[in-house]
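Trainee: Okay, here's the structure, questions in a sec.
The values are calculated or read from the model by the stated rules, or taken from the named source; none is laboratory data. Keep in mind that this is a model prediction, so the values were computed, not measured. Side chains included, ligands, DNA and RNA excluded: accessible areas come from the protein's heavy atoms. Shrake-Rupley method; radii C 1.70, N 1.55, O 1.52, S 1.80 Å.
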Amino acid sequence: PEPASQPETASTLLFAQRCSRVELGRARANAVASRNASEKSAAPEDATLKAALEEARAFASAAKAENDALRAEVASLKAWKGDGFRVNAGDAREPLSPLAK
């Protein structure tokens, strides 16, 4: 190592030596909360999520109904346009603007 890095290198090596002396016990699983306790703690969140789901379903149902109504209206307008009703540019009607005269 460079002379300027020797103190840090020595400190790091001493730390590594201390770490190698640490003995770990046998691995074991963490304690698991009882099933009833976890179900009780999840109950308020579960109710909130169910309410949000019902609200989303209601919104989706309303959006679908609106979409269906708009599609029916478009089909009706297309059928009405297809009946031969056309507004020609050469109509003999009065212009709406007084400046157009």
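Trainee: Keeping to the range 8-19, report how many residues are open to solvent by less than 90 Å² (accessible area, probe 1.4 Å) and either of a type outside the set (A, V, I, L, M, F, W, C) or not in a helix (DSSP H, G or I) (or both).
Mentor: Within the range 8-19, residues that are open to solvent by less than 90 Å² (accessible area, probe 1.4 Å) and either of a type outside the set (A, V, I, L, M, F, W, C) or not in a helix (DSSP H, G or I) (or both) number 4.
Trainee: Residues ASP91, ASP83, ASP68: which one is acidic (Asp, Glu) and modelled with pLDDT of 80 or more?
Mentor: ASP68
Trainee: What is the number of the single condition among (1) in a helix (DSSP H, G or I); (2) modelled with pLDDT of 85 or more; (3) of a type outside the set (D, E, K, R) that GLY25 does not meet?
Mentor: Here GLY25 meets the rest and fails (1).
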